[in-house]
């Protein structure tokens, strides 16, 4: 066998091996986006994400493949954000607890008892969204949509009629937010910072005695069975959003991005009325299973509003940047004036 023949055989073998090891051409062209979230599989939030996956596949002709890891299998919101920053993940569907790990400007939509209705929240959020999204982009994240979790209420092992009743209990707050922890402590609450995935165990062991979440969450994770009293005061809305890292967004062919973004926004908009309707339905369902909705009188409700407004001096400038706080309050008041009957 000549040297040239041997070289030819080696070249053919090498090319064949490389061909066997290389992925098919279609796989090479596929952009895979890995998304983490704590929302449970089968929940409305998860179904909205599945719809986005389907739409992205349709829009891109299969060139974009969204992989969704639901149920907190990759960690809570804060952990998902860390993984996106490290490149281990590309995107997250988050509540405000996760979003504030990117930038705490989202806190302007979560000021306690700032909003009395969803109409007020929508009016303010629609006018603040552009500013909040630009801030997220500066931190390396593209906002795909905004979502809701419902109104946040306090659940407790014993009935809580006033803020002082909650102060007498060990209160769960999400770990990883030292500013919120500091403010709660200044307001004399006994806070216990924990991961959301540790809430049930903490309730069982007595490490915590109260927590504040939307009713849908309390029903889905059955935490209400361990804290069977709900204080019917709309403490704040829980807002959320779906984000993707800027570098992952740039990997998607530009000709698909505008339509994909529109599809993600539409999915978030469709989800909103479903979640809002589920809030009251969840309370009704939990009452049938033993939940006690504490009956408050007008004076007790006024105490909650007064306590929240006293806290505004501390929240403005620390928890929420002063200019954002003022703008949210101005927009809320603007809506209230415009909606008054002449």
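The values are calculated or read from the model by the stated rules, or taken from the named source; none is laboratory data. Fair warning: this is a prediction, and the values are worked out from it, not measured in the lab. Neighbour counts run over all protein chains shown; Cβ positions are idealised from the backbone, glycine included.
How many of the residues making up the stretch 49-64 are within 20 Å of residue 75 (Cα to Cα) and crowded, with 21+ Cβ neighbours inside 10 Å? Before you say what the answer is, go through the steps one by one.
Going residue by residue through the stretch 49-64, those that are within 20 Å of residue 75 (Cα to Cα) are 49-50.
Still in the running and crowded, with 21+ Cβ neighbours inside 10 Å: 49.
Counting residues in the stretch 49-64 that are within 20 Å of residue 75 (Cα to Cα) and crowded, with 21+ Cβ neighbours inside 10 Å gives 1.
Does residue 306 satisfy the criteria of being without any contact (Cβ under 8 Å) to a residue 60 or more places away in the chain, under 30 Å from residue 63 (Cβ atoms) and either in a helix (DSSP H, G or I) or out of contact with any helix residue (DSSP H, G or I) (no Cβ under 6 Å at 6 or more places or on another chain) (or both)? Give the derivation first.
Values: without any contact (Cβ under 8 Å) to a residue 60 or more places away in the chain: yes; under 30 Å from residue 63 (Cβ atoms): no; either in a helix (DSSP H, G or I) or out of contact with any helix residue (DSSP H, G or I) (no Cβ under 6 Å at 6 or more places or on another chain) (or both): yes.
Taking the combined requirement at face value, the residue does not satisfy it.
Checking residue 274 against (1) surrounded by 14 or more Cβ atoms within 10 Å (Cβ to Cβ); (2) under 30 Å from residue 222 (Cβ atoms); (3) in contact with a helix residue (DSSP H, G or I) (Cβ under 7 Å, 6 or more places away or on another chain), only one condition comes out false. Which one?
Among (1) surrounded by 14 or more Cβ atoms within 10 Å (Cβ to Cβ); (2) under 30 Å from residue 222 (Cβ atoms); (3) in contact with a helix residue (DSSP H, G or I) (Cβ under 7 Å, 6 or more places away or on another chain), residue 274 violates only (1).
Within the stretch 233-261, track down each residue that is under 19 Å from the mean Cα position of the chain (by Cα) and farther than 30 Å from residue 304 by Cβ.
Step one: list which residues in the stretch 233-261 are under 19 Å from the mean Cα position of the chain (by Cα), which gives 234-246, 261.
Those that are under 19 Å from the mean Cα position of the chain (by Cα) and farther than 30 Å from residue 304 by Cβ: 242, 243, 244, 245, 246, 261.
Among the residues of the stretch 203-220, which ones are in a loop (DSSP other than H, G, I, E, B) and either over 19 Å from the mean Cα position of the chain (by Cα) or without any contact (Cβ under 8 Å) to a residue 24 or more places away in the chain (or both)? Before the answer, list the steps.
Initial filter on the stretch 203-220 (in a loop (DSSP other than H, G, I, E, B)): 206-209, 214.
Within the stretch 203-220, 206, 207, 208, 209 qualify.
Scan the stretch 252-264 and report the pairs whose first residue is within 9 Å of residue 145 (Cα to Cα) and whose second residue is at pLDDT below 95 and not in a helix (DSSP H, G or I), with Cβ atoms within less than 8 Å and a gap of 6+ or a chain change.
none
Might you check whether a residue that is buried (at least 16 other Cβ atoms within 10 Å of the Cβ), modelled with pLDDT of 95 or more, in contact with a strand residue (DSSP E or B) (Cβ under 9 Å, 6 or more places away or on another chain) and not in a helix (DSSP H, G or I) occurs anywhere in the stretch 73-89?
There is at least one residue in the stretch 73-89 that is buried (at least 16 other Cβ atoms within 10 Å of the Cβ), modelled with pLDDT of 95 or more, in contact with a strand residue (DSSP E or B) (Cβ under 9 Å, 6 or more places away or on another chain) and not in a helix (DSSP H, G or I).
Would you check which residues across the stretch 54-71 are touching a residue at least 24 places away in the same chain (Cβ under 8 Å) and not in a strand (DSSP E or B) and list them?
So in the stretch 54-71, the residues touching a residue at least 24 places away in the same chain (Cβ under 8 Å) come out as 55-56, 59-60, 62-71.
Once the filter is applied, which keeps residues that are touching a residue at least 24 places away in the same chain (Cβ under 8 Å) and not in a strand (DSSP E or B), the stretch 54-71 yields 55, 56, 59, 60, 62, 63, 70, 71.
Which count do you get for residues in the stretch 305-342 that are surrounded by 15 or more Cβ atoms within 10 Å (Cβ to Cβ) and within 19 Å of residue 109 (Cβ to Cβ)? Steps first, please.
To start, the set of residues in the stretch 305-342 that are surrounded by 15 or more Cβ atoms within 10 Å (Cβ to Cβ) comprises 307-308, 311-312, 315-316, 318-321, 324-325, 327-329, 331-332, 335.
Still in the list and also within 19 Å of residue 109 (Cβ to Cβ): 308, 311-312, 315-316, 318-321, 324-325, 327-329, 331-332, 335.
The qualifying residues number 17.
Residue 282: in a strand (DSSP E or B), within 21 Å of the chain's Cα centre (by Cα), in contact (Cβ under 8 Å) with a residue 12 or more places away in the chain and crowded, with 17+ Cβ neighbours inside 10 Å, yes or no? Walk me through it before giving the result.
Values: in a strand (DSSP E or B): no; within 21 Å of the chain's Cα centre (by Cα): yes; in contact (Cβ under 8 Å) with a residue 12 or more places away in the chain: yes; crowded, with 17+ Cβ neighbours inside 10 Å: yes.
Taking the combined requirement at face value, the residue does not satisfy it.
Which ones in the stretch 137-187 are assigned to a loop (DSSP other than H, G, I, E, B), crowded, with 19+ Cβ neighbours inside 10 Å and modelled with pLDDT under 95?
Hits for the stretch 137-187 are 176, 177.
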